[in-house]
Amino acid sequence: MMKNKFLILYLVLQGFCSLSKAQDNPLLLEWSIGEMAVFYSQDQEVSAQFSGEICYEANSFFKRTLEDLEVEFKIYVLSKEDWSHYTDPNLIYGMPHFIPNEKRLVVAAEDNTFWRIQLPDFSSLSSPYKELFPMTYSLNDEVSSRYFFDLLPVHELGHAWASKAGLNTQRNWLSEILCNLMLHTFIAEEKGEFLGALELLPMYWSKEDQSNYTFRSLEQFQDNYWEIGTQSPRNYAWYQYRFHDAARKLYNEGGADVLINLWLFLLNNQETLDDDALLSGLRDDVHPFFESLLKKW
């Protein structure tokens, strides 16, 4: 009898602690599309609906193109005030990411400092960039990079897909290239009106002087992934722009088949390959352009 009382007391305390923890987090609103749930901060309906709709369409595209997987994920579209309550506070506001154990895809709802510093100094731009940036990223008579960042939830959806499929993505940098290739292929095949916004920033920043950054090689990205992401967000963005531009080049060389081949290659190679085997596999089984892409990194 006494044991049962202690059990009841324990369950009550557990419920109270869970309730208290939930009350520590701001209340989010919920919007659904199909079976997919989007949780969002107050007054952020427009951002939430755009993120939800583009992820819903991308998820359907990957089902048709890669395999018929039921991928579990929830989308969180957050204001700056809510960000630290629902994700790691070490991650700068504006950096989209996927939290695997919670199946949580997290993106910013509003323009922010991290997005704004991605725009170059317009006074220093030469043609064609000085014409392309205002034409591509104009928003309410201002130039904003949100037209680029609003597409990145699809990249994070790629991580959810890789996790659900149980892929051994071999290297951190290859995991990022895979997700960028998923994003680029979807936009190019299904949402061509957004292709310019997706391509311009990566094309510009991938040509930036590498000496500005502590970390520059693929090996350094592999070995310092978390440190770069949390402590050097600008350096991390530089890597991602390079991965984006690599995805663009791969798609231009081989179309959607490159994504399909890379997915099958990772699915069929669950053991971790050494560098030589990985390079030859990417070259022979995915696309020959991978070899020159990696050697010129």
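We did not get these values from a lab; they are worked out from the coordinates using the rules stated. Bear in mind that the values here come from a model prediction, so they are computed numbers and not experimental data. When we count neighbours, we look across all protein chains shown, and the Cβ atoms used for this are built from the backbone with ideal geometry, even at glycine.
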**Fill in**
Between the Cα axis of helix 153-165 and the main Cα principal axis of the chain, the angle (0 to 90°, nearest 10) is 70
**Prompt:** Roughly how many nanometres apart are two label points built 7 Å out from the Cα toward the Cβ at Lys74 and Phe122?
**Reply:** 4.0
**Estimated distance in nm for a label pair at Val143 and Lys191, the labels positioned 7 Å out from Cα along Cα-to-Cβ** = 2.3
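Please give the contour-minus-distance gain from Asn268 to Glu35: 0.36 nm per residue of separation, less the Cα-Cα distance, rounded to one decimal in nm. Each step should come with its number before you reach the end.
Details: separation 233, 0.36 × 233 = 83.88 nm, distance 2.98 nm.
Net length gain for the segment: 80.9 nm.
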**Item:** Pairwise FRET efficiency - Lys249 versus Asp223, Cβ, R0 = 22 Å, nearest 0.05
**Value:** 0.30
**Within straight-line cross-link reach of Lys103, aspartates and glutamates at Cα separation under 13 Å, skipping those fewer than 8 residues along the same chain** = Glu70, Glu72, Glu156
**Asked** Which residue, chosen from Phe98, Phe133, Phe62, occupies the Cα position most advanced towards the positive end of the dipole of segment 28-296, where the dipole is computed from +1 (Lys, Arg) and -1 (Asp, Glu) charges on Cβ about the Cα centre?
**Response** Phe133
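If R₀ is 30 angstrom, what is the calculated FRET efficiency for the pair Gln210 and His97, using the beta carbon separation as r and rounding to 0.05?
On the way: r = 24 Å, r/R0 = 0.81.
Calculated value: 0.80.
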**Asked** Distance in nm between label sites at Asn25 and Trp297, each 7 Å beyond Cα in the beta-carbon direction?
**Response** 3.5
**Request:** Treat every Asp and Glu Cβ in segment 28-296 as -1 and every Lys and Arg Cβ as +1, leave all other atoms uncharged, and give the resulting dipole magnitude about the Cα centre to the nearest 20 debye.
**Result:** 480
